[in-house]
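One structure is given here, and the rest of the page talks about it.
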Ligand SMILES: C[S@@+](CC[C@H](N)C(=O)[O-])C[C@H]1O[C@@H](n2cnc3c(N)ncnc32)[C@H](O)[C@@H]1O
């Protein structure tokens, strides 16, 4: 284990400055919304816990190519185009983007360790600076008059950001008219399995405890859960740091409908992973400035919300209202979790978790019986009737985590 963890005090202190002091863009960011909580967490530990396994590069590239396909971005759309990527982490995904030969590729990240690793990763795979520029900057302080054909903002807007919709608006400005913006979102439904695991952590140890202590306690419990994920491409330690130990913000959620609402004046929904939108309209009836793409995706999102809960199953479409109710129930878990974490202390009255999980299990049982059974089982941990080691069904229950969404910037206002 990295020894830097031993010094981590758990609770974050905020730096009121703006990253490296670059000029601020149009948005005015208060000290509370300067985005440093996320980057501070990485800086404090001196880490960039986002490495992907790229030992089999064709496999890694194949995965990225599949993602881009779902998003409607074939290789021909990247070649000779300009791309800006916010939050490349350590640059593992950037290897694929660079291989598609954009004519300009700017990468922006506020974590110096990530920036150094991105530069090294690109260089050692033969991608030299020239058309590629790696910039160390907080997003909130980044500005340029340049507009890009493709803007990538993957893996950070939620749930760890200070003000996701505001950050989204800020970053979307760098998309050229007709260009493509790629973002990631999280819904409380897709995050349910992880929220329950975070609550398991808070039941056992204070979120304010040193990261090394949290790691030592949670690793033996959660490693077998992660082992059930055959497609996992990250290390257990990185995943725990990033998803269980890293603080989240009470207002840190960003769902697909929220993202579409935020951008509806300028952008149209395009593709997504997972793909869940069906649009059976005759194209000849689809014209004008506002062509209903966002509304169609939002409706399909709520009709498919149960699919987000458990990656193992693809239940059929349901009523839109069923999805809205499920979203509300899962948001209840998010609210309980973030309120408990904000105290910095161990979870009080853990049986409250079971009370909130019961109606979710009831709602899911008709179409997702295995998921409902897993929730009932883990409920017993929170009522003290079962230990973590006795879980048989819950370890294999994982949600669809974050969703990828691509949008096209409208040409005309
Ligand atoms: C989880 S990583 C995502 C890595 C990669 N894009 C992926 O999806 O796998 C998020 C990255 O965004 C950076 N980041 C998050 N918030 C930031 C901010 N406000 N300003 C600058 N960088 C930020 C972090 O330093 C980190 O490298």
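None of the figures in this text is laboratory data; all of them are computed from the coordinates on show. This structure is a prediction, so every number in the text was calculated from the model and none was measured. As a convention, Cβ positions derive from the backbone with ideal geometry for all residues, glycine included, and neighbour counts pool all protein chains shown.
Keeping to segment 46-79, report how many residues are assigned to a loop (DSSP other than H, G, I, E, B) and surrounded by 12 or more Cβ atoms within 10 Å (Cβ to Cβ).
Count: 14.
Does residue 237 satisfy the condition of being assigned to a helix (DSSP H, G or I), closer than 22 Å to residue 44 by Cβ and more than 15 Å from the chain's Cα centre (by Cα)?
Details: assigned to a helix (DSSP H, G or I): yes; closer than 22 Å to residue 44 by Cβ: yes; more than 15 Å from the chain's Cα centre (by Cα): yes.
So residue 237 fits the description; yes.
From the set of residues in segment 82-99 that are over 17 Å from residue 44 (Cα atoms) and outside any helix (DSSP H, G or I), which is farthest from the chain's Cα centre (by Cα)?
Just the residues of segment 82-99 that are over 17 Å from residue 44 (Cα atoms), to begin with: 82-88, 91-99.
Retained after the next criterion (residues that are outside any helix (DSSP H, G or I)): 82-88, 91.
Details: 82: 24, 83: 20, 84: 18, 85: 15, 86: 13, 87: 12, 88: 13, 91: 16 Å.
If we take residues in segment 82-99 being over 17 Å from residue 44 (Cα atoms) and outside any helix (DSSP H, G or I), then 82 is farthest from the chain's Cα centre (by Cα).
Within segment 240-261, how many residues are surrounded by 18 or more Cβ atoms within 10 Å (Cβ to Cβ) and in a helix (DSSP H, G or I)?
If we filter segment 240-261 for residues that are surrounded by 18 or more Cβ atoms within 10 Å (Cβ to Cβ), which is where we start, we get 240-249, 252-257, 259-260.
Pick out the ones that are also in a helix (DSSP H, G or I) and you get 240-245, 256-257, 259-260.
Residues flagged as surrounded by 18 or more Cβ atoms within 10 Å (Cβ to Cβ) and in a helix (DSSP H, G or I) within segment 240-261 amount to 10.
Out of the residues in segment 100-155 meeting the condition of being within 14 Å of the ligand (Cβ to nearest atom) and assigned to a loop (DSSP other than H, G, I, E, B), tell me which one is nearest to residue 66 (Cα to Cα).
154
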